[in-house]
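Enquirer: Encoded as structure tokens, here's the structure I'll be asking about.
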Amino acid sequence: RFRGEGYQEGYAEGSHLGAVEGRRYGSLHGAKIGSEIGCYLGFALTWHCLLQKCRGEKNSKKIRVLDSLIGMIQKFPYEDPTYDKLQEDLEKIRGKFKQVCSMLNIQSDFRIGTETSSLTF
């Protein structure tokens, strides 16, 4: 009887602590992903506006790739943490961002850490 009651109490306590830790972990990593995606979107929208001002054949290809990146970011499922292709879509966005940086001849370095969170050029 005591062993059964102890098991039930331990299980309840472990479930509660696991949920708290999982919520904290999810919030932290969700914020990191949101920050990263937000930086990509701001970068893409800024360059899109800059390239719109000086039309040309070279810029039209860059604008198309920027439009593609913006579209991918807008379709990203922010509100669905159970989305099964979240990591896959995030990697596609990162790849498209690297392609855009390459086309614009910009070295980018996106870092997220406890000390700094920045996008440098």
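The values are calculated or read from the model by the stated rules, or taken from the named source; none is laboratory data. Being a predicted model, the structure only gives us computed values, none of them experimental. Please note: Cβ atoms are built from the backbone with ideal geometry, for glycine as well, and neighbour counts cover all protein chains shown. Heavy atoms of the whole protein, side chains included, go into the accessibility calculation; ligands, DNA and RNA do not. Shrake-Rupley method; radii C 1.70, N 1.55, O 1.52, S 1.80 Å.
Enquirer: Give me the one-decimal nm value for the distance between modelled label points at E5 and I106, 7 Å along each residue's Cα-to-Cβ direction.
Expert: Once both label points are built, they end up 6.5 nm from each other.
Enquirer: Given +1 on the Cβ of Lys and Arg, -1 on the Cβ of Asp and Glu, and no further charges, what dipole in debye does the range 35-104 carry about its Cα centre, rounded to the nearest 20?
Expert: It works out to roughly 600 debye.
Enquirer: Let me ask something additional. From the list (1) 2, 9, 16, 19, 19, 14, 11, 7, 3, 0; (2) 2, 9, 16, 17, 14, 10, 8, 6, 4, 4, 3, 2, 2, 1, 1, 0, 0; (3) 2, 8, 13, 15, 14, 12, 13, 10, 7, 4, 2, 1, 0, can you say which value of P(r) over Cα pairs in 5 Å bins from 0, in percent was derived from the structure given?
Expert: So the calculated entry is the one marked (2).
Enquirer: Could you work out [θ]222 nm for the chain from helices alone, using -39500 (n - 2.57) per DSSP H run of at least four and dividing by all its residues? Round to the nearest 500 deg cm²/dmol.
Expert: So the calculated ellipticity at 222 nm is -26500 deg cm²/dmol.
Enquirer: Can you tell me the order of 55-63, 1-9 when each peptide is scored by its average per-residue count of other Cβ atoms within 10 angstrom, highest first?
Expert: 55-63, 1-9
Enquirer: Place the peptides 96-107, 70-81, 37-48 in order of packing, highest mean first, counting for every residue the other Cβ atoms within 10 Å and averaging per peptide.
Expert: Ranking the peptides 96-107, 70-81, 37-48 by packing returns 37-48, 96-107, 70-81.
Enquirer: Give me the percent of accessible area attributable to carbon and sulfur for the chain, probe 1.4 angstrom.
Expert: Accessible surface attributable to carbon and sulfur in the chain totals 54 percent.
Enquirer: A further question on this structure: Give me the distance in nm between label points sitting 7 Å out from Cα along the Cα-to-Cβ direction at L45 and V20, one decimal.
Expert: Computed distance between label sites L45 and V20 equals 3.8 nm.
Enquirer: Subtract the Cα-Cα distance of C54 and D89 from 0.36 nm times their separation in residues, and report this length gain in nm to one decimal.
Expert: Answer, rounded to one decimal: 9.5 nm.
Enquirer: Summing Lys, Arg as +1 and Asp, Glu as -1, what charge do residues with Cβ under 12 Å from the Cβ of G95 carry, G95 excluded?
Expert: +1
Enquirer: Distance cut-off 24 Å, Cα to Cα: go down the list K32/K92; K62/K85; K53/K92; K32/K98; K53/K75; K75/K98 and report the pairs above it.
Expert: Over 24 Å apart, Cα to Cα: K62/K85; K53/K92; K53/K75.
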